[in-house]
1. Run the 1.4 Å probe and let me know the accessible area of ASP100, rounded to the nearest 10 Å².
2. With a 1.4 Å probe and all protein chains kept in place, how much accessible area does LEU49 have, in Å² rounded to the nearest 10?
3. Report the label-to-label distance for ARG51 and LEU88 in nanometres (one decimal), using points 7 Å from each Cα along the Cα→Cβ vector.
4. Which order do LEU16, LEU85 take when ranked by solvent-accessible area (1.4 Å probe, heavy atoms of all protein chains), largest first?
Amino acid sequence: MKISWKVGLVFAGVFLAGAVVGGFASLRFARSFVQARGAPGDQFVTSNLKRLQDRLQLSAEQSAKIERIVASSGEELKRTRQESLRVLRQMDARIEAELDARQKAEFTEMRRRWRERMGGRGGPPRPDGERPPPPGAQPERAAPPRAP
């Protein structure tokens, strides 16, 4: 019986050591991954600036000036995108207010298909806050509403 106790202790120690090492490794990987990718807004600046530098062979002075231009334009695009999404959500709500129950269900389905075609990108978020299914996933279909 003493052997079972020792074996259990060894297994618990190995498991605990693996969990600790795995935790530290994942933290290190996550940090380097985020540093390599940068913030989402930074990707716009980085990718556009790199493309311009490569294709146009910009000087250091030109790169610095153009980086500021691209960064400010990226911020403006972000604000514009947010405003556009707000207007689209508002439009959808106003349209939905004019529809009966059957039409609302179809309108919801139309928006779902549109988001699916877009690959989950763009467009206003769903009112329930859920994300669309990943591309290729089979969405759940709701039963059609019964006629009164």
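1. Its accessible surface works out to 80 Å², give or take rounding.
2. It works out to around 20 Å².
3. The modelled label-to-label distance comes out at 2.0 nm.
4. Most to least solvent-accessible, the answer reads LEU16, LEU85.
The values are calculated or read from the model by the stated rules, or taken from the named source; none is laboratory data. Fair warning: this is a prediction, and the values are worked out from it, not measured in the lab. Positions of Cβ are generated from backbone atoms using ideal geometry, with glycine treated the same way; all protein chains shown enter the neighbour counts. These accessible areas exclude ligands, DNA and RNA; they are computed on the full protein's heavy atoms, side chains included. Shrake-Rupley method; radii C 1.70, N 1.55, O 1.52, S 1.80 Å.
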